[in-house]
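Since the structure comes first, as structure tokens, the remarks are kept for the end.
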């Protein structure tokens, strides 16, 4: 964290430049109100609970969809990675469905599930599914044959090998998939909220734009930035805990 | 593992020459192995037979690509022969049997990087039996000490040198108390000094535990220094070209033993045999 201060300094400078440019009307102050004005409308929105009230449904959709994806994709990926016939059966369909942007499913999801939470959780789930699935079976298939043979020479069962060798060996790859998915979850949840429904931070941003409360709109956008940063920060902590064995330097 | 009195007696004679004339522990009978390489059949073995005596330290040497490692894999049950059979303690091998542990050349790929030294060794123990936590811990610590890693038991592999990682892998194998340790060029990837130290370690272990070691190496000096018997394979399809009892006295010493005239005699004889074959295999050499 300590070494990142130049980056944070740059953020501060950019905000300052925005502030100055807006105050001097170098940029349109209606579309880009001064940062100080955004901050003053942000703080009451946060303190007054408005942002929080919009954030909670978004967070719920993000984490419910993500958690569902984890629960489905990891076991499925382990099976695909270890059983060749299942892999050959499911890999083509995965490769076909994966490139379709998950926001393209929103109209279908609305038809089937309506505009409520179910639809949004489902879309987030679908978006999170593929990065985790691909990285799980990719990680499993990439496990070194020597590790597999090590399990065999010690005579452990296939199930034990899966749990004690294949899963931990594939964990770095699985974690990468999860991290990618979390980022996508945030995007998709916001898009879904903008398209349909009447709650959530995505809805809030669009709503503020429609009634020309531009500072509040930016307050919502900045909130998303902070949220994304915090989610990634927390995930890196979790990842670091589970992968602490992947050190890079020799301690003496 | 059962330590029969006979075993102990064999070990007791360790200063004498050929210990391999005891009971047969492994028998390779008419083994064939054919690989398909670029749609042509490569015959590595075509009817190889050999008997390995209990308690021996047998090294397998030969020109590169002759199938030394393949032979070890076939004996371990990790690979299946195309024909013929391998017997271990009188039983036909069909998959990796209990009582035999394979130590891979690529120790960095065989060690579990997500487990500490102690947990790696614990894996070996847990694969054989389940002991109460306290007892299991003590037993693991015993093997940590055996390979000289005390003080490092809570280190992760990335924090260890190559030689130390190889010690972990050896301890993880030994804690299973195998009858046979199969070692595939285990010291080829460590520096010369570390190798010399690990060679002494494995000799110490072999002379204290009732264990048979099959050791594949491309290093003739190493084979002569360690073994009481050396099998030299010919080019594929490989047969046993030489089968030499190395009757140098144990315990062997890196400096004294290597200085002996008879050490050099064995070395010269085996080296020239392999070297000439290597040269034959290279056009315009």
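Which one of A:75, A:99 is out of contact with any helix residue (DSSP H, G or I) (no Cβ under 7 Å at 6 or more places or on another chain), under 27 Å from residue A:142 (Cα atoms) and not in a helix (DSSP H, G or I)? After applying the criteria, what remains is A:99. In the list B:174, B:181, which residue meets the criterion of being surrounded by 20 or more Cβ atoms within 10 Å (Cβ to Cβ) and modelled with pLDDT of 95 or more? From the options B:174, B:181, the qualifying one is B:181.
Out of B:59, B:49, one residue alone is surrounded by 24 or more Cβ atoms within 10 Å (Cβ to Cβ), assigned to a strand (DSSP E or B) and in the same structural domain as residue B:233 (by TED's automatic domain parsing). It is B:59.
Quick test for you: out of A:228, A:220, pick the one residue that is without any contact (Cβ under 8 Å) to a residue 60 or more places away in the chain and in a helix (DSSP H, G or I).
Working: A:220 fails: without any contact (Cβ under 8 Å) to a residue 60 or more places away in the chain.
Matching residue, one of A:228, A:220: A:228.
Considering the conditions (1) surrounded by 11 or more Cβ atoms within 10 Å (Cβ to Cβ); (2) within 22 Å of residue A:222 (Cα to Cα), residue A:72 is excluded by exactly one of them, (2). On inspection, residue A:155 qualifies as more than 26 Å from the chain's Cα centre (by Cα) and either within 12 Å of chain B (Cβ to nearest Cβ) or over 16 Å from residue A:128 (Cβ atoms) (or both). Is one or more of the residues making up segment A:159-169 within 8 Å of chain B (Cβ to nearest Cβ), over 22 Å from residue B:172 (Cα atoms) and surrounded by 18 or more Cβ atoms within 10 Å (Cβ to Cβ)? No: segment A:159-169 contains no residue that is within 8 Å of chain B (Cβ to nearest Cβ), over 22 Å from residue B:172 (Cα atoms) and surrounded by 18 or more Cβ atoms within 10 Å (Cβ to Cβ).
Residues that are touching a helix residue (DSSP H, G or I) at 6+ places or on another chain (Cβ under 7 Å), outside any helix (DSSP H, G or I) and surrounded by 16 or more Cβ atoms within 10 Å (Cβ to Cβ) do not occur anywhere in segment B:132-146. Checked against (1) surrounded by fewer than 18 Cβ atoms within 10 Å (Cβ to Cβ); (2) over 22 Å from residue B:201 (Cα atoms); (3) within 22 Å of the chain's Cα centre (by Cα), residue B:267 passes all but condition (2).
Once segment B:162-190 is narrowed to residues that are within 14 Å of chain A (Cβ to nearest Cβ), out of contact with any helix residue (DSSP H, G or I) (no Cβ under 7 Å at 6 or more places or on another chain) and assigned to a loop (DSSP other than H, G, I, E, B), the residue that is nearest to residue B:211 (Cα to Cα) is B:179. When segment B:64-122 is filtered for residues that are away from chain A (no Cβ under 12 Å), part of a loop (DSSP other than H, G, I, E, B) and either touching a strand residue (DSSP E or B) at 6+ places or on another chain (Cβ under 8 Å) or under 30 Å from residue B:133 (Cβ atoms) (or both), the ones remaining, listed by number, are B:66, B:67, B:81, B:82, B:89, B:93.
Every condition in (1) under 25 Å from residue B:96 (Cα atoms); (2) at pLDDT 90 or above is met by residue B:239 except one, and the failing one is (2).
If you check A:139, A:183, A:177 for being modelled with pLDDT of 95 or more, within 18 Å of residue A:231 (Cα to Cα), out of contact with any strand residue (DSSP E or B) (no Cβ under 8 Å at 6 or more places or on another chain) and more than 12 Å from chain B (Cβ to nearest Cβ), only one passes: A:177. How many residues, within segment B:147-161, are part of a helix (DSSP H, G or I) and either farther than 21 Å from residue A:143 by Cα or away from every other protein chain (no Cβ under 12 Å) (or both)? Of the residues in segment B:147-161, 1 are part of a helix (DSSP H, G or I) and either farther than 21 Å from residue A:143 by Cα or away from every other protein chain (no Cβ under 12 Å) (or both). Evaluation of residue A:206 against the conditions (1) modelled with pLDDT under 90; (2) more than 14 Å from every other protein chain (Cβ to nearest Cβ); (3) over 15 Å from residue A:41 (Cα atoms) shows that the sole unmet condition is (1). For segment A:186-200, the set of residues classified as over 20 Å from residue A:67 (Cα atoms) and either touching a strand residue (DSSP E or B) at 6+ places or on another chain (Cβ under 6 Å) or assigned to a helix (DSSP H, G or I) (or both) consists of A:194, A:195, listed by residue number.
The values are calculated or read from the model by the stated rules, or taken from the named source; none is laboratory data. Computed from a predicted model, the values in this text were never measured in an experiment. Note: ideal-geometry Cβ built from the backbone for every residue, glycine included; neighbour counts use all protein chains shown.
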